Amino acid sequence: MGIFWGVSLICFLQACYGLVQLLGWLPSNHISFPITGSFDNPAGFAAVLSLGFPIGLYLFSKAKGIEKNLASTILAIISVAVILSGSRTGIIAIVISSGIFVAFNNIVLSKFRKLHYHKLLSGLILICLAIGFFTLYHQKKDSANGRLLIWKVSSEMIKDKPVFGHGYGTFQAIYMDYQAEYFRNNPNSKFELLADNVKHPFNEFLKVAVEYGLVGLIIVFSFLFFFIWKTVKLGGRNKRLVLSGLLTFIVFAFFSYPLHYIPVWLLIGFYISFLIPSKEFKIRNTPISILSRSVFFIGCLFTLLYVYQQLRLEMKWKTIAINSLQGNTLEMLPEYERLYSTMLKKNPLFLYNFGAELHVAEEFDRSIEILEECKRMFNDYDLQILLAENCYQTGDYQKSIEMYEHASFMIPCRFIPLYKQFEIYKEKNNETDALRLAFKINEKSVKIKSSTVSYIQFKAETYINENKGKSIKP
């Protein structure tokens, strides 16, 4: 039972960390959210607490006296932290895990002994998903519609390569291009004000379908059904513990990105460990067993060395990036070049940072080269804007306009891409296209008012007034 109390204590401390952040005693790790715990946003915070919640329920069901009071306190603090974090998926997951834990109580099951497990479980899953979709949509419709846009665009990606998918890690490399194409083909879409940079489809199964196609999705669901089937065959209280844990993960996987966080993987492994046979197998000192243990040891050793090297390089990168931000960009470029020759060359975030620093140093051609390399692994609105600015600085105005236009379709509510095109056309004395962009800016709906947007609108309106007699509104 020690490991159960250990996991619950860690979740309790994580919940307390989040509540202390809400009180302002400790800083949050995200500027837009008051509660993140030790994670980068509330999604990871709520996912870990929700996956740890069934363990607290298990302890509460077995404990007596002081231990029972302690377990109930842990459950209460976790629940409050998840609710205050604003994670709708987390709230739904806690409700579902509690419902599953109660539904698979031996007393409850005895009243429904004629109902097969698979029917009860299937019904509960469908009810949970229906409640999840309904709650997610109606609580915050804009956020829900934003996810509907992402799922809609992702479905177009699946249609293009339905069987084997686009390949590992390709979602963040090509999704924004698909989103741009969607808005190009659907002008005045109701989703225009909801679009933003997207790195994950907020659905782990959809991501699998995009990257690995229906083949990958079938494999994943086969594993899930196998684990659930094995869980149903478990005896005692472990059945409802594992079911609660697995279904909590499935709910999160449908509406968020829990696999982004290592603690989630560890908790999933904890639940699945109950499905491993408890029989002890004797390992004889045969050549095969000695070889397998040697391979395992060597594999672990190389993994540790890889992790150590990765951490060392990222710590050095952080130091260089901080120095560069302090105004020492030119001095840091040789260090960036040295890091570029290491395994960080495969890290798209490093490539983007390197490309941005080259832009600051006015090494525009080299910046384009690095950013194009980054684009093969990671592509978004910001990268397109940076590439467009590099092209402008090198005198490739047509390419710059094309990239600004593409960025504008990626996130139609942004004003900067239109304004940049407008400025280039003005500079080249192309009054027709400049006026076309000025009218477009003037008529554009504003998502968030700011001084930058007001300035852009003022410049566009001024240009229209100055050229009233030269052209008509397109």
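See the values below:
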{"quantity": "Whichever residue in the range 73-87 is surrounded by fewer than 20 Cβ atoms within 10 Å (Cβ to Cβ), within 23 Å of the chain's Cα centre (by Cα) and touching a residue at least 12 places away in the same chain (Cβ under 8 Å) and, among such residues, is nearest to residue 32 (Cα to Cα)", "calculated": "86"}
{"quantity": "Only one of 314, 362, 331 that is outside any helix (DSSP H, G or I), more than 30 Å from residue 232 (Cβ to Cβ) and modelled with pLDDT of 85 or more", "calculated": "362"}
{"quantity": "Number of the exception - residue 384 against (1) assigned to a helix (DSSP H, G or I); (2) open to solvent by 20 Å² or more (accessible area, probe 1.4 Å)", "calculated": "(2)"}
{"quantity": "Residue ID - surrounded by the most Cβ atoms within 10 Å (Cβ to Cβ), chosen from residues in the range 219-267 that are of a type in the set (Gly, Ala, Ser) and modelled with pLDDT under 90", "calculated": "244"}
{"quantity": "Residue match in the range 86-93 (condition: at pLDDT 90 or above, under 30 Å from residue 175 (Cβ atoms) and polar (S, T, N, Q))", "calculated": "no"}
{"quantity": "Matching residues in the range 396-407 - criterion: being part of a helix (DSSP H, G or I), without any contact (Cβ under 8 Å) to a residue 24 or more places away in the chain and open to solvent by 30 Å² or more (accessible area, probe 1.4 Å)", "calculated": "398, 399, 402, 405"}
{"quantity": "When residues of the range 408-439 are limited to those that are part of a helix (DSSP H, G or I) and among the β-branched types (Val, Ile, Thr), the one nearest to the chain's Cα centre (by Cα)", "calculated": "416"}
{"quantity": "Residue among 454, 445 that alone is hydroxyl-bearing (Ser, Thr, Tyr), outside any helix (DSSP H, G or I) and out of contact with any His (no Cβ under 8 Å at 6 or more places or on another chain)", "calculated": "445"}
{"quantity": "Subset tally (residues that are open to solvent by 10 Å² or more (accessible area, probe 1.4 Å) and either of a type in the set (Val, Ile, Thr) or closer than 27 Å to residue 243 by Cα (or both)) for the range 39-52", "calculated": "5"}
{"quantity": "Lone unmet requirement of (1) modelled with pLDDT of 65 or more; (2) open to solvent by 50 Å² or more (accessible area, probe 1.4 Å); (3) not aromatic (Phe, Trp, Tyr) for residue 114", "calculated": "(1)"}
{"quantity": "Top-ranked residue in the range 365-381 [being open to solvent by less than 10 Å² (accessible area, probe 1.4 Å) and in a helix (DSSP H, G or I); ranked as nearest to residue 171 (Cα to Cα)]", "calculated": "374"}
{"quantity": "Condition check for residue 22: hydrophobic (A, V, I, L, M, F, W, C), over 17 Å from the mean Cα position of the chain (by Cα) and open to solvent by 20 Å² or more (accessible area, probe 1.4 Å)", "calculated": "yes"}
{"quantity": "Residue list for the range 152-166, restricted to those being assigned to a loop (DSSP other than H, G, I, E, B) and of a type in the set (Lys, Arg)", "calculated": "161"}
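A quick yes/no check of all residues on (1) over 22 Å from residue 384 (Cβ atoms); (2) in contact with a helix residue (DSSP H, G or I) (Cβ under 9 Å, 6 or more places away or on another chain); (3) not acidic (Asp, Glu):
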position: 318; (1), (2), (3): yes, no, yes
position: 322; (1), (2), (3): yes, no, yes
position: 326; (1), (2), (3): yes, no, yes
position: 332; (1), (2), (3): yes, yes, yes
position: 337; (1), (2), (3): yes, yes, no
position: 342; (1), (2), (3): yes, yes, yes
position: 350; (1), (2), (3): no, yes, yes
position: 363; (1), (2), (3): no, yes, no
position: 368; (1), (2), (3): no, yes, yes
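Residue-wise test of (1) among the β-branched types (Val, Ile, Thr); (2) surrounded by fewer than 21 Cβ atoms within 10 Å (Cβ to Cβ); (3) touching a strand residue (DSSP E or B) at 6+ places or on another chain (Cβ under 8 Å).
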position: 358; (1), (2), (3): no, no, no
position: 394; (1), (2), (3): yes, yes, no
position: 444; (1), (2), (3): no, yes, no
position: 453; (1), (2), (3): yes, yes, no
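The values are calculated or read from the model by the stated rules, or taken from the named source; none is laboratory data. A quick note: this is a predicted structure, and the numbers were derived from the prediction, not measured. Cβ sites come from the backbone with ideal geometry, for glycine too, and all protein chains shown count toward neighbours. Heavy atoms of the whole protein, side chains included, go into the accessibility calculation; ligands, DNA and RNA do not. Shrake-Rupley method; radii C 1.70, N 1.55, O 1.52, S 1.80 Å.
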